[in-house]
1. Kindly indicate which of G175, G165 is outside any helix (DSSP H, G or I) and modelled with pLDDT under 95.
2. Might you check whether a residue that is in contact with a Phe, Trp or Tyr (Cβ under 9 Å, 6 or more places away or on another chain) and of a type outside the set (D, E) occurs anywhere in segment 183-192?
3. Among the listed residues V98, V104, V140, identify the single one that is aliphatic (A, V, I, L, M), buried (at least 24 other Cβ atoms within 10 Å of the Cβ), in contact (Cβ under 8 Å) with a residue 60 or more places away in the chain and within 19 Å of F61 (Cβ to Cβ).
4. Which number in (1) of a type in the set (S, T, Y); (2) modelled with pLDDT of 90 or more; (3) more than 27 Å from I125 (Cβ to Cβ) marks the one condition that S255 misses?
5. Only residues in segment 34-58 that are farther than 11 Å from Q107 by Cα count as the first member; pair them with residues that are part of a helix (DSSP H, G or I) and charged (D, E, K, R), Cβ under 8 angstrom, at least 6 apart or cross-chain, and list the lot.
6. Considering segment 166-212 alone, what residues qualify as being among the basic types (K, R) and surrounded by fewer than 18 Cβ atoms within 10 Å (Cβ to Cβ)?
7. Just give me the residues in segment 151-176 being more than 16 Å from L89 (Cα to Cα) and in contact with a helix residue (DSSP H, G or I) (Cβ under 7 Å, 6 or more places away or on another chain), in sequence order.
8. When residues of segment 115-151 are filtered for being assigned to a helix (DSSP H, G or I) and either among the hydrophobic types (A, V, I, L, M, F, W, C) or at pLDDT 95 or above (or both), how many remain?
Amino acid sequence: MIRALGRSALTVVHELGEISLFGLGALRGFVGQRRRLAKLVVAIHEIGVRCFPIVLTVGMFTGLVMGLQLYYTLVQLGAEAALGDAVGLSIVLELGPVLTALMVVGQAGSAMASELGIQRNDEQIDALQTMSIDPKGYLVGPRLVAAVICFPMLTAIFDLIGIFGGYLTGSVLLGVDSGVYWHHVESSITWHDVRGGFIKALVFGIYTISVCAYRGFNTHRKASFPGVRGVSESATRAVVWSSVGVLASDYLITSFLI
């Protein structure tokens, strides 16, 4: 049992090392690409613009639920005036970056893993190598740079709409004074809290896009089945690895920031 546990741990560490080198190679290859701006705009549309509606929707409902649940918890303690503190800090520090990353993984990450897996099976990646084009820099590099740009912006949007959702539930529906709510939001959230959320967003963005791209790019090596079934397996594993990694890294980053 101990030997099997150690073997699994070494496999995970080896996989993380491969993913890190893969991401660095993609960024290095992107620097030498031609028409970098055009590729970056397409990647920003894929990761940022297309994920905006789902992030907006989830952020609103998260704020609504947080306002409802926290109000009935705080009212038992006679501290319903602190609703703005509770909603604001919960969303900015934890729920904003984590849920944004999970939504982007489900929307853009799975699609990217599937697309790269199909390109691998159709030998399009091999064709790029034949033409002396770095496939990692050409296909993955723009998406990593777009993740660095889009994840903090999507997280900020999630934070704002989530806090507004808490206001709708707490003040408009449940009667908490709106001035008290916004005063507590403003006084409780500091630049240190916002910076911590953005640091998480950057880490989550680089990690999740690297994992999804790595899984799709290496479908021929990592999947247990060939063809379409292998692409499906790669996309599934990319989402699972990314989601688990987001939650694990969230705990580690929070431990260092506190």
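1. On the way: G165 fails: outside any helix (DSSP H, G or I).
It is G175.
2. Of segment 183-192, the ones in contact with a Phe, Trp or Tyr (Cβ under 9 Å, 6 or more places away or on another chain) are 185.
With of a type outside the set (D, E) added as a condition, the list becomes 185.
Yes, segment 183-192 contains a residue that is in contact with a Phe, Trp or Tyr (Cβ under 9 Å, 6 or more places away or on another chain) and of a type outside the set (D, E).
3. Working: V98 fails: buried (at least 24 other Cβ atoms within 10 Å of the Cβ); V140 fails: within 19 Å of F61 (Cβ to Cβ).
None of the others qualify; the one that does is V104.
4. S255 satisfies every listed condition except (2).
5. Partner pairs satisfying both residue conditions: A43/R143.
6. Taking segment 166-212 and keeping what is among the basic types (K, R), we get 195, 200.
The answer is R195, and nothing else.
7. Step one: filter segment 151-176 for residues more than 16 Å from L89 (Cα to Cα), giving 151-154, 168-169, 171-176.
Once the filter is applied, which keeps residues that are more than 16 Å from L89 (Cα to Cα) and in contact with a helix residue (DSSP H, G or I) (Cβ under 7 Å, 6 or more places away or on another chain), segment 151-176 yields F151, P152, M153, L154, L168, T169, S171, L174, V176.
8. Going through segment 115-151, the residues assigned to a helix (DSSP H, G or I) turn out to be 115-121, 124-130, 135-151.
Filter again for either among the hydrophobic types (A, V, I, L, M, F, W, C) or at pLDDT 95 or above (or both), leaving 116, 118, 125, 127-128, 139-140, 144-151.
Qualifying residue count, segment 115-151: 15.
The values are calculated or read from the model by the stated rules, or taken from the named source; none is laboratory data. These numbers were taken from a predicted model, which means no experiment stands behind them. Glycine gets a Cβ as well: all are built from the backbone with ideal geometry, and neighbour counts include every protein chain shown.
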